[in-house]
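K.L.:
Pasting a structure below so you can have a look.
The values are calculated or read from the model by the stated rules, or taken from the named source; none is laboratory data. Predicted model, so just to flag it, every value in this text is computed and none were measured. Note that we place each Cβ from the backbone using ideal geometry, even for glycine, and neighbour counts take in every protein chain shown. With ligands, DNA and RNA removed, areas are computed over all heavy atoms of the protein, side chains included. Shrake-Rupley method; radii C 1.70, N 1.55, O 1.52, S 1.80 Å.
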Amino acid sequence: MADQTMIIGGSPAATAATFGVVNPATGEVFAEAPDCSREQLDAAMESAQKAYPAWKADEAERRARLDEAADVLFGVVEELAPILTAEQGKPLGDARIEVLGSGVWFKYFAGLELPREVIQDDDTAYVEVIRRPFGVVAAITPWNFPLILASWKIAPALLAGNTMVLKPSPYTPLATLAMGRILAEVLPPGVLNIVSGGDDLGAWMTSHPVPRKISFTGSVATGKHVAASAAPDLKRVTLELGGNDPAIVLDDVDAAAVAEKLFAGAFENNGQVCSAIKRVYVPESRYEDVVEAMAERARSVKVGDGAEEGTQLGPINNEPQYRRVGELVADALAGGARAVTGGHPVDGPGYFFEPTILADISDGTRIVDEEQFGPAVPVIAYRDLDDVVDRANATHFGLSGSVWGTDVDRASAVAERLECGTAWVNTHLALAPHQPFGGAKWSGIGVENGPWGLAGFTELQVLHRSKSPLEG
Ligand code: NAD
């Protein structure tokens, strides 16, 4: 029997089949998740479709429900956080922050306006641009931040008047299913359906005839499949995909201070963040100081089971990703890079990998050019600033990036030259509900958050009222 149930039409939906969920701290299956059948997916789509007309009709009701949902989420931190830690691996404190953050996102969208814009009001016409919901939205999320990334979709999509069928990653289905069960007590039946299963279920969703919009967060490779699957039916898509964020350090920084912040930007969630720092460029004159300070910081980190008190970095979430990080680090070392600290998996059970700082490495190495998505970061020396900006941009990725310097105006001027969705100065990973987030190039299509993210769950409609009399 599954440890959590799917929610279809506001009620728990039992499945004939289940699949195991692994605790990455032990490498063992610790729970069973429901495996959605095609018929159950049809039922979820149908219930979302049935709930749509009433939900779209009453904006005040939607706001009230989302506001209540936020308060409910604030109250279930201690219930959801341990589930999230067990399936995802992150330390309990970080899991608590993720649940709270989900509530913050619901609160923000509950109060966000859906403006009607008057674009003409003269003798001939009164013309407004209004925003209509799509109908049913299919939402698909990854395993690194299951709850907060689901909230980035649920809250704005529902506020705009859509209903939803959402599928979490098969590596981390449980906390999302639990959240769905809790939200079902607040939302009308069918408005939010949560189903779980493997990658096939995602593909069924994107090719299903009911949804008019797909909101997807995951890898570039899957994002391309999603776009292709949506195309024949001209479904709208928002794609939040992978990144290979550069951090460019300028020559006027204090090495110790910047290293502390670079480490935080690279190792948040054990490096498993789409917009984590994934390559650090440091001028030759400051190179050894920054490398050593980052390594010093990495050596002091407590790696362990996220459920244990004092753990700062947990395991990598799943075995394929654990193998991939190991492979990329081994490839770098074989190519002559130096592991200033780390470089190996941790002995024992679970998917633990030593926090790794790689030096004496350059572009053209896989871990510099590809998205590693784990606790290993390459630090690359540079001589010429223009050249390093070109190197930072010489990639299909374009999610975010950062520039670090004491002269903030100079750093900002460099940051503006980065080809990416968010360019930070003297910080990285500063995300907020009111700030649009999305990727340039292969890192995505469209944005989430802020009024721009809300608009992504709507279609424009022009309402043109002629002022000329019908007769005469
Ligand atoms: P993934 O692409 O493997 O899977 C993401 C989701 O897509 C999962 O729910 C999966 O079951 C589903 N899926 C797989 N194949 C599918 C298909 N053919 N059709 C429809 N759905 C399918 O990604 P992941 O490994 O879970 O997550 C890591 C990736 O996500 C990284 O590349 C990371 O950068 C990216 N990410 C991006 C953002 C962002 O906002 N830009 C945020 C977090 C993670």
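K.L.:
If Glu59, Glu78 are ordered by their accessible area, calculated over protein heavy atoms with a 1.4 Å probe, which sequence runs from highest to lowest?
P.N.:
From most accessible down to least: Glu78, Glu59.
K.L.:
To two decimal places, what compactness ratio does the chain give when its Cα radius of gyration is scaled by 2.2 N^0.38 Å? Don't jump to the answer; show the numbers that get you there.
P.N.:
Values: Rg = 23.3 Å, N = 472, 2.2 N^0.38 = 22.8 Å.
In units of the 2.2 N^0.38 Å rule of thumb, it is 1.02.
K.L.:
Let me ask you something else. Show me the three semi-axes of the equivalent ellipsoid for the stretch 1-116, from the C-alpha gyration tensor (sqrt of 5 times each eigenvalue), largest first, rounded to whole Å.
P.N.:
29, 23, 10
K.L.:
Compute the Cα gyration tensor for the stretch 402-446, then decide on rounded, prolate or oblate, letting a ≥ b ≥ c be the square roots of its eigenvalues: rounded whenever a/c is under 1.5, prolate when a/b is larger than b/c in the other cases, and oblate in all that remain.
P.N.:
oblate
K.L.:
A further question follows. Helix-derived [θ] at 222 nm for the chain: sum -39500 (n - 2.57) over DSSP H runs of at least 4, divide by residue count, nearest 500?
P.N.:
Mean residue ellipticity at 222 nm (helix-derived): -12000 deg cm²/dmol.
K.L.:
Taking only the Cα atoms of the stretch 370-434, how large is their convex hull per residue, in Å³?
P.N.:
On the way: hull volume 7.9 nm³, N = 65.
That works out to 122 Å³ per residue.
K.L.:
Also, I was wondering about something else. To check you understand DSSP bridge types, tell me what percent of the beta bridges within the stretch 211-312 (both residues inside) are antiparallel, rounded to 5.
P.N.:
Antiparallel bridges make up about 0 percent of those DSSP assigns within the stretch 211-312.
K.L.:
How many percent of DSSP beta bridges within the chain run antiparallel, rounded to 5? Spell out each step's value before the answer.
P.N.:
On the way: 32 of 68 bridges.
DSSP beta bridges in the chain are roughly 45 percent antiparallel.
K.L.:
Something else about it: Using the beta-carbon distance between Ala125 and Ser11 and R0 = 35 Å, what value does 1/(1 + (r/R0)^6) give for FRET efficiency, to the nearest 0.05? It would help to have the intermediate numbers written out before the result.
P.N.:
Working: r = 48 Å, r/R0 = 1.38.
About 0.15, to the nearest 0.05.
K.L.:
Along the stretch 436-451, what does the Karplus equation 6.51 cos²θ - 1.76 cosθ + 1.60 (θ = phi - 60°) give for ³J(HN,Hα), rounded to whole Hz, x for Gly and Pro?
P.N.:
x, 10, x, x, 8, 6, 6, 7, x, 9, x, 9, 10, 6, x, x
K.L.:
Using the charge dipole of the chain (Lys, Arg: +1 at Cβ; Asp, Glu: -1 at Cβ; taken about the Cα centre), state which of Ala70, His396, Met1 has its Cα farthest towards the positive end.
P.N.:
Positive-most Cα among the choices belongs to Met1.
K.L.:
Averaged per residue, what accessible area in Å² does the chain show with a 1.4 Å probe, protein chains only?
P.N.:
Value for the chain: 40 Å² per residue.
K.L.:
Semi-axes of the equivalent ellipsoid of the stretch 307-413: what are they in whole Å, largest first, if each equals the square root of 5 times a C-alpha gyration tensor eigenvalue?
P.N.:
Working: eigenvalues 161, 59, 35 Å².
Values for the stretch 307-413, descending: 28, 17, 13 Å.
K.L.:
Okay, moving on. Only Cα pairs under 8 Å and at least 6 apart count here; give the relative contact order of the chain as a rounded whole percent. Show your work: numbers first, answer last.
P.N.:
Working: 1133 pairs, mean separation 85.6, N = 472.
That works out to 18 percent.
K.L.:
Give a residue-ordered list of calculated ³J(HN,Hα) values for the stretch 257-271 (Karplus: 6.51 cos²θ - 1.76 cosθ + 1.60, θ = phi - 60°; whole Hz; x for Gly, Pro).
P.N.:
5, 5, 4, 4, 6, 5, 4, 4, x, 8, 10, 3, 6, 6, x
K.L.:
Report for the stretch 43-177 the percent antiparallel among DSSP-assigned beta bridges with both residues inside it, nearest 5. The partial results should precede the final answer.
P.N.:
Numbers: 4 of 9 bridges.
The antiparallel fraction comes to roughly 45 percent.
K.L.:
Ordering Ile148, Ile357 by accessible area with a probe of 1.4 Å, largest first, what comes out?
P.N.:
Result, largest first: Ile148, Ile357.
K.L.:
Working from Cα positions, state the angle (0 to 90°, nearest 10) between the long axis of helix 92-110 and the longest principal axis of the chain.
P.N.:
In the chain, helix 92-110 runs at an angle near 40 degrees to the longest axis.
K.L.:
Counting alpha carbon pairs within less than 8 Å and at least 6 residues apart, what relative contact order, in whole percent, applies to the stretch 140-238?
P.N.:
28 percent
K.L.:
Could you estimate the translational diffusion coefficient of the stretch 97-240 from the Stokes-Einstein equation, with Rh from the Kirkwood formula over C-alpha pairs, at 4 °C and 1.567 mPa s, in whole µm²/s?
P.N.:
Working: Rh = 16.2 Å.
Translational D for this selection: 80 µm²/s.
K.L.:
Could you work out how far helix 38-57 tilts from the main Cα principal axis of the chain, as a 0 to 90 degree angle to the nearest 10?
P.N.:
Between helix and principal axis, roughly 60 degrees.
K.L.:
Something else now. Given the pairs Lys167/Lys235; Lys56/Lys467; Lys56/Lys224; Lys261/Lys302, which are separated by over 21 angstrom at their Cα positions?
P.N.:
Lys56/Lys467; Lys56/Lys224
K.L.:
Right, next: Using a Förster distance of 30 angstrom, determine the FRET efficiency expected from the C-beta separation of Trp452 and Asp199, and round it to 0.05.
P.N.:
0.55
K.L.:
Counting only protein chains, not ligands or nucleic acids, how are His396, His208 ordered by accessible area (probe 1.4 Å), most first?
P.N.:
Details: His396 100, His208 20 Å².
Of His396, His208, the descending order of accessible area is His396, His208.
K.L.:
Let me know the volume per residue of the alpha-carbon convex hull for the stretch 80-141, in Å³.
P.N.:
120 Å³
K.L.:
Which order do the peptides 385-392, 213-220 come out in when sorted by mean C-beta neighbours inside 10 angstrom, highest first? Could you put the intermediate results ahead of the total?
P.N.:
Values: 385-392: 16.9, 213-220: 23.9.
Ranking the peptides 385-392, 213-220 by packing returns 213-220, 385-392.
K.L.:
Over the alpha-carbon set of the stretch 239-341, work out the extent along each principal axis and list the three values in angstrom, largest first.
P.N.:
39, 34, 32
K.L.:
Averaging sequence separations of C-alpha pairs under 8 Å and six or more residues apart, then dividing by the length of the stretch 250-311, give the relative contact order as a whole percent.
P.N.:
Working: 44 pairs, mean separation 24.4, N = 62.
Relative CO of the stretch 250-311 lands at 39 percent.
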